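Just below is one structure, and these are the notes that go with it.
The values are calculated or read from the model by the stated rules, or taken from the named source; none is laboratory data. Here the structure is a predicted model, which is why all the values come from computation and not from measurement. Cβ sites come from the backbone with ideal geometry, for glycine too, and all protein chains shown count toward neighbours. The protein model used for the area step is the full one, side chains on, heavy atoms only, and it has no ligands, DNA or RNA in it. Shrake-Rupley method; radii C 1.70, N 1.55, O 1.52, S 1.80 Å.
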Amino acid sequence: MSHLQPPIFVLDTNVLIEAHQRYYSLDLCPGFWECLVHFCSESRVRSIDKVRDEIREGDDLAAWVKKAPSGFFASTADQSVIRCFQEIMDWVQNSREFNDEATSSFANIADGWVIAYAKAYGGIVVSHEGRKYKGRVPMPIICDHFSVPYKDTFAMLRDLKVRFVWLG
């Protein structure tokens, strides 16, 4: 009997930025960041190089990104990820749902690559992006079309059975 590896959670840029700027800032909730590193070491959580490149220099998050374990920001250069990205981009470009500006923007940000990586490796996309169009290509719509599971940070933490406990 074979033991199936649990799926990997692939984090979008907004997961890291919102956590840092809002509910899990590095000084307020270091446990969140420690759990990301822990689950990275178990091959349960990671992000991609394109997300790393979207993090702006000059704050604590950028410093954390620089110190993240080597496997945390996976390369999107492998052929399976590139093939999935091309398939996603072909669908987006041929879709009548999105205007040219939204399609062009989608081609130049990490979103499509996050989905492609998750698709190539049987992962789950983690993002806070909504399903409404609002002038940009929504990640959940692409995930639905390509049968890539999609969750937000809180669902991921629940699936990983993470709890943050005050020890005061």
Checklist entry - Within the set of pairs 6 or more residues apart or between chains, which connect a residue that is without any contact (Cβ under 8 Å) to a residue 12 or more places away in the chain inside the stretch 96-110 to a residue that is of a type in the set (S, T, Y) and open to solvent by 50 Å² or more (accessible area, probe 1.4 Å) with Cβ atoms less than 6 Å apart? => result none
Checklist entry - In the set E101, E87, which member is at pLDDT below 95 and among the charged types (D, E, K, R)? => result E101
Checklist outcome for this item: The number of residues in the stretch 136-162 that are at pLDDT 95 or above, among the charged types (D, E, K, R) and assigned to a loop (DSSP other than H, G, I, E, B) is 2
Item to check | Failed item in (1) in contact with a Gly (Cβ under 8 Å, 6 or more places away or on another chain); (2) in contact (Cβ under 8 Å) with a residue 40 or more places away in the chain, with K50 passing the rest | outcome: (1)
Next on the checklist: Restricting to the stretch 122-139, name every residue that is buried (at least 18 other Cβ atoms within 10 Å of the Cβ) and either of a type in the set (S, T, N, Q) or touching a residue at least 12 places away in the same chain (Cβ under 8 Å) (or both).
Outcome noted: G123, I124, V125, V126, S127, E129, V137, M139
Next on the checklist: Please go through (1) under 21 Å from G122 (Cβ atoms); (2) surrounded by 14 or more Cβ atoms within 10 Å (Cβ to Cβ); (3) of a type outside the set (S, T, Y); (4) modelled with pLDDT of 95 or more for V65 and return the number of the only condition it doesn't satisfy.
Outcome noted: (1)
Checklist entry - If you go through the stretch 110-120 one residue at a time, do you hit one that is open to solvent by 50 Å² or more (accessible area, probe 1.4 Å) and under 16 Å from the mean Cα position of the chain (by Cα)? => result yes
Checklist entry - Can you pull out the residues in the stretch 94-115 that are in a helix (DSSP H, G or I) and not acidic (D, E)? => result N94, A102, T103, S104, S105, F106, A107, G112, W113, V114, I115
Checklist entry - So, in the stretch 43-80, of the ones that are of a type in the set (D, E) and part of a helix (DSSP H, G or I), which residue ends up farthest from H20 (Cα to Cα)? => result D49
Next on the checklist: Would you confirm, using the coordinates I've provided, whether R83 is within 21 Å of I48 (Cα to Cα) and charged (D, E, K, R)?
Outcome noted: yes
Item to check | Sole exception among (1) touching a helix residue (DSSP H, G or I) at 6+ places or on another chain (Cβ under 6 Å); (2) in a helix (DSSP H, G or I); (3) surrounded by fewer than 20 Cβ atoms within 10 Å (Cβ to Cβ) for R83, by number | outcome: (1)
Checklist entry - For S75, are the conditions met, namely being loosely packed, with under 15 Cβ neighbours inside 10 Å, of a type in the set (S, T, Y) and farther than 20 Å from V126 by Cα? => result no
Item to check | Test: V165 is at pLDDT below 95, under 18 Å from the mean Cα position of the chain (by Cα) and aliphatic (A, V, I, L, M) | outcome: no
